[in-house]
Amino acid sequence: MSETVLTLENVETYYGKIHALRGISLSVKQGQIVTLLGANGAGKSTTLRTVSGLVRCAKGRVIFLGKDITRIDPHHIVRRGLIQVPEGRRIFKGMSIQENLELGSFTLKDDAERRRRMARVFDIFPILEQRRNQDASLLSGGEQQMLAMGRGLMTDPKLLLLDEPSMGLAPFLVQEIMRIIRRLNEDGVTILLVEQNAKVALKLADYGYVLETGRIVMESDAASLQQDERIIKAYLGT
Amino acid sequence: MSTLDILLQQLANGLILGSFYSLVALGYTMVYGIIMLLNFAHGDIYMVGAFLGLAILTTIGSVLGFGWGGILAAMCCSMIITGLLGVLIQRVAYVPMLSAPRLSILITALAVSMVLYNGAMAITDGEYRAFTVDLGFEGIEMGAVFITYTQVALVLATAVLMVTLYLFVHRTMWGKAMRAIAIDKDACRLMGINVNAVIALTFFVGSALAAAAGVMAGVYYGSIHFFMGFVIGLKAFTSAVIGGIGSIPGAMLGGLVLGLLEAFGTQIPFIGSEWKDVFAFAILILLLVFRPTGILGKTEIERM
Ligand SMILES: Nc1ncnc2c1ncn2[C@@H]1O[C@H](COP(=O)(O)OP(=O)(O)OP(=O)(O)O)[C@@H](O)[C@H]1O
Ligand SMILES: [Mg+2]
């Protein structure tokens, strides 16, 4: 049996009075790609934000590598190797591409190691190396996504949370991003992938959860989800 | 004096004045950049820095003397203590207000300003204090223009502080984090950056720079008083707006521009030096009307 990296136990999260998560339980095992599917407003981002500690859950527990991280500050969670690439990229516009990447390795003291990791990111995303001294705001949408992922990789994650990496990208770029996610996974990074694009996500994933208005309404291995009538109707189109 | 001499003399005066404005404006702009707070107490921090500097100089002067050595030591000590005071104020007064409506934290800043101002008034009995130093009156003579070495040293010290700050925010990880949290705090948290610690550091740096300016102003004018922070607070705010609030190079530039404009403004016929504050604030109003983003202020760039 492979080790469980992340477990959510009955997590409930509120925004003021809005009950965004109504008891989420899920788990991600070592080496897996797990996908979290759902329509707009289902609570996918809130789930990731709760895991990263950006919002606090009112009930339930988040366990990462056997340790309870429910009440731990976001910057300490990152130090343990749990990295999120947030929805909408959130790169630092007004700073150079290189500076964006360096900030990804903020927790690192060793400059030589920082250069090694940057070299690895440039190996995965060569476009970033060519434009390293440019302002990040000059990148196209797809390149910004690559920068956001590269920045996340600078921390050397054990678990990578990706929030809608395909959002707003042309189909060939979506394929490119998915190819990179697979490559990262083959390099040993466990991945929790949030997507609205169920088709590509299920092709990549080992296991999937379907979220509706703050609840998990379905879960299964990706292959059976792809065959499921309800999924086909609601998320895969005809 | 020839016209050229007058211009040269005003250039020197403007640079000194501008140095003080710039140093104080930096704290204004950095704090605004990261938490959108117009820190009204910042001028008073400058005043406290000056008094701390004087107290330290008086204490260590018997050992280190009242020359450059003693002044430099007193300035550094005052910068550190005032910086820590800035952090303390931030922790006690501002952190609890960060999630409250913007107006609440603004009112808190006014309250902090009053505490410092009235506290200093009580401690000093509301009197001027002589800032006694022993620097001599030598200088550089250029025709009718005379610039003391003290003036040169103050401008150089300001330049050194600014270059240091610039290198800090562009070359070190903590400096880069400071710029990044001005852009996106949650994204910084996801990078493992302790945002509260970076905010505290920003207050430390801003307050320390204000203290440096306060000590320099004491050295330059020869006396300090509890209300010295009020007008310079407004002027530094004006400088920050001129340069583009939130922008570090903008604050440096804005302070110098304002200092020079004021100095030269006194030479316009019928506008004597008593009009220089009117002049400064008229510039602020004109700027807010015609270029509210300031000289180096950014316009938002968004690309999907
Ligand atoms: N900051 C917030 N304040 C109040 N309500 C919020 C906030 N963020 C999200 N919500 C609400 O919480 C619910 C879940 O939002 P969430 O962003 O997690 O959805 P999502 O599944 O990520 O949707 P999308 O696909 O559009 O990104 C929604 O009803 C949303 O309106
Ligand atoms: Mg979302």
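The values are calculated or read from the model by the stated rules, or taken from the named source; none is laboratory data. Quantities reported herein were computed from a predicted structural model and do not represent experimental measurements. Heads up, the Cβs are rebuilt from the backbone with ideal geometry, glycines too, and the neighbour counts pull from every protein chain shown.
Quick check on A:Arg89: is it at pLDDT below 95 and either facing chain B (nearest Cβ under 9 Å) or within 16 Å of ligand 1 (Cβ to nearest atom) (or both)?
Values: at pLDDT below 95: yes; either facing chain B (nearest Cβ under 9 Å) or within 16 Å of ligand 1 (Cβ to nearest atom) (or both): yes.
Against the criterion (at pLDDT below 95 and either facing chain B (nearest Cβ under 9 Å) or within 16 Å of ligand 1 (Cβ to nearest atom) (or both)), A:Arg89 qualifies.
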List the number of the failed condition for B:Leu85; all other conditions in (1) modelled with pLDDT of 95 or more; (2) farther than 16 Å from B:Phe203 by Cα hold. (2)
Output the helices (runs of 4 or more DSSP H) that fall wholly within the range B:224-302 and possess 2 or more residues being without any contact (Cβ under 8 Å) to a residue 12 or more places away in the chain, or say none. B:276-290
With the condition being under 16 Å from A:Ala39 (Cβ atoms), within 16 Å of ligand 1 (Cβ to nearest atom) and among the basic types (Lys, Arg), I'd like the helices (runs of 4 or more DSSP H) fully within the range A:151-238 carrying at least 1 qualifying residues. A:198-204
Options A:Arg89, A:Arg49: the member that is within 16 Å of ligand 2 (Cβ to nearest atom), buried (at least 23 other Cβ atoms within 10 Å of the Cβ) and outside any helix (DSSP H, G or I): A:Arg89
Anything in the range A:168-195 that is within 16 Å of ligand 2 (Cβ to nearest atom) and closer than 15 Å to A:Gln84 by Cβ? List them, or say none. A:Leu192, A:Leu193, A:Val194, A:Glu195
Quick check: anything in the range A:70-86 farther than 23 Å from A:Leu204 by Cβ, within 11 Å of another protein chain (Cβ to nearest Cβ), more than 9 Å from ligand 1 (Cβ to nearest atom) and hydroxyl-bearing (Ser, Thr, Tyr)? no
Selection within the range A:12-33 - more than 12 Å from ligand 1 (Cβ to nearest atom) and surrounded by 23 or more Cβ atoms within 10 Å (Cβ to Cβ): A:Val28, A:Ile33
Report yes if some residue within the range B:256-265 is out of contact with any His (no Cβ under 8 Å at 6 or more places or on another chain), closer than 29 Å to B:Leu85 by Cα and among the hydrophobic types (A, V, I, L, M, F, W, C); otherwise report no. yes
Identify all residues within the range B:217-249 that are within 14 Å of the chain's Cα centre (by Cα), aliphatic (A, V, I, L, M), closer than 15 Å to B:Leu52 by Cα and crowded, with 23+ Cβ neighbours inside 10 Å; write none if there are none. B:Ala217
Please pick out the residue among A:Gly38, A:Gly66, A:Gly81 that is out of contact with any Lys or Arg (no Cβ under 8 Å at 6 or more places or on another chain) and either more than 16 Å from ligand 2 (Cβ to nearest atom) or touching a residue at least 12 places away in the same chain (Cβ under 8 Å) (or both). A:Gly66
Quick check on the range A:28-55: of everything there that is hydroxyl-bearing (Ser, Thr, Tyr) and over 10 Å from A:Tyr209 (Cα atoms), which residue is farthest from the other protein chains (Cβ to nearest Cβ)? A:Thr47
